[in-house]
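The structure appears right after this line, and notes come after that.
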Amino acid sequence: MHSPTSILAISILTLVYLVRVLLADWDAKNLDAAKQSLGQSTSIIRMDVSKLEDWTELKSKVVQEFGGRVNLLALNAGVGAKTSFGPDADPATFRKVIDTNLFGVVNGITTLLPLIKEKSSLSDYTAAIVITGSKQGITNPPGNPAYNASKAAVKSLAEQLSFDLRTEKNVAVHLLVPGWTWTALAGAASGAEKPESPWTPGQVVDYLEEKMKAGQFWVLCPDNDVTEEMDKKRMLWNVDDAVKGRAPLSRWRDEFKDEFASWMAKDL
């Protein structure tokens, strides 16, 4: 299980007002490094996204320093602690993953959405809410049930939020679903050389920007190994488990190995 100082080791919140940025993270060292990199116009706050009282403090900072104006809200909280239902199953680890990955998003939306709605009627105002999901929350591969469940719930929340805000002309919602990306969670923090397969964070951001300009809710990122068509086939196969009455997670079961391979070889 991650130590308290590394639970939110990735950037979890970005608020942009013109060229002003507010970064929130659990790791004080990361925050200081980000401020030095981005410049003095960047504000920082150390917080735990699973704690509503920390969000209340952040909201006060947004009101005081940004006039309550939020143009980009990026909810990117994530912890990848391993969970299982085996003999070493630890409910506390399940709780930590759910509290961070799911309630980090719930707390962020419920705390800051009122500020966004207050400004949404202004003619010069636009806002985007970007929520980071995961392909594991869609295809549900075996091996880490708490993480998969948290990201599946995040996907559902993002869909609901998009629907609820459908009449807000100046507010957009996007679900960012990265492929393999070379971040701290993926091994970049170890100092190892980046493999060929993953994208860089910069590539993900560029892809996200293109989809946001196109007004796309779904931002399903490929990487250097997995194409968009491969992702779509995997997702369709997964949905068909229920539609066709197959055993759950059939993609990874020996009895469906050949059928799945044949499916992946077909054109959509």
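Just a few scattered comments:
- Residue-count net charge about Val171 - beta-carbon cut-off 12 Å; Lys, Arg +1, Asp, Glu -1: +1
- Charge tally in the Cβ shell below 12 Å around Asp240, where Lys, Arg are +1 and Asp, Glu are -1, Asp240 excluded: +3
- Linear extension gain, Thr110 paired with Glu168, 0.36 nm per residue minus alpha-carbon span: 19.2 nm
- For Lys29, the aspartates and glutamates whose Cα falls under 16 Å of its own Cα, not counting residues fewer than eight places away in the same chain, are Asp48.
- Each residue of segment 83-98 was assigned a 3J(HN,Hα) from its phi angle through the Karplus curve 6.51 cos²θ - 1.76 cosθ + 1.60 (θ = phi - 60°); the sequence is 10, 7, 9, x, x, 9, 4, 10, x, 5, 5, 4, 4, 5, 5, 5 Hz, with glycine and proline shown as x.
- Around the amide H of Asp90, modelled in the peptide plane, lie the amide H atoms of Ser84, all under 5 Å away and 5 or more residues distant in sequence or on another chain.
- Built amide H within the under 5 Å cut-off of Trp180, gap 5+: Trp199
- Nonlocal amide H pairs with Asp48, under 5 Å, H built at 1.01 Å: none
- Rounded to the nearest 10 degrees, the angle from helix 228-243 to the longest Cα principal axis of the chain is 70 degrees.
- Residues Glu159 and Lys244, FRET efficiency given R0 of 30 Å [Cβ-Cβ distance, rounded to 0.05]: 0.80
- The 3J(HN,Hα) values that the Karplus relation (6.51, -1.76, 1.60; θ = phi - 60°) gives for segment 142-158 are, in residue order, x, x, 8, x, 5, 4, 4, 5, 5, 6, 5, 5, 4, 4, 4, 5, 5 Hz. Gly and Pro appear as x.
- Lys/Arg +1, Asp/Glu -1 at C-beta; segment 227-268 dipole; positive extreme among Met235, Leu249, Ala261: Leu249
- The HN-Hα couplings worked out from phi for segment 129-134 by the Karplus form 6.51 cos²θ - 1.76 cosθ + 1.60 (θ = phi - 60°) are 10, 10, 10, 8, x, 7 Hz, whole numbers, x standing for Gly and Pro.
- Distance from the C-alpha centroid of segment 144-190 to that of segment 233-268: 24 Å, rounded to the whole angstrom.
- Taking the C-alpha atoms only, the angle from helix 103-119 to the longest principal axis of the chain is near 50 degrees.
- For the residues Glu228, Glu196, Glu53, a GNM of the chain with alpha-carbon springs under 10 Å puts the largest fluctuation on Glu196.
- Here the dipole of segment 227-268 is about 100 debye; that uses its Cα centre as origin and unit charges on the Cβ of Lys and Arg (positive) and Asp and Glu (negative).
- Anchor Lys266: aspartates and glutamates whose Cα lies under 17 Å away (excluding residues fewer than 8 positions away in-chain): Glu228, Glu229, Asp231, Asp240, Asp258
- Lysines with Cα under 22 Å of Lys117, excluding same-chain neighbours fewer than 8 positions away: Lys59, Lys61, Lys155, Lys169, Lys213
- Estimated 222 nm signal from helices in the chain, with DSSP H stretches of n ≥ 4 weighted -39500 (n - 2.57), rounded to 500: -13500 deg cm²/dmol
- Segment 4-177: relative contact order in percent, alpha carbon pairs under 8 Å with at least 6 residues between: 20 percent
- Overall dimensions of the chain by Cα: Rg and Dmax, Å: 19.3, 60
- If both residues of a DSSP beta bridge must be in the chain, then about 30% of such bridges are antiparallel.
- Sites Gln216 and Ala33, calculated FRET efficiency, Cβ-Cβ separation with R0 41 Å, nearest 0.05: 0.85
- Using Cβ point charges alone (K and R +1, D and E -1), the dipole size of the chain about the Cα centre works out to roughly 480 debye.
The numbers here are math on the coordinates, done by the rules we state, and not lab data. All of these numbers come straight from a predicted model, not from anything done at the bench. Here the Cβ is made from the backbone with ideal geometry for all residues, glycine too, and neighbour counts use every protein chain on show.
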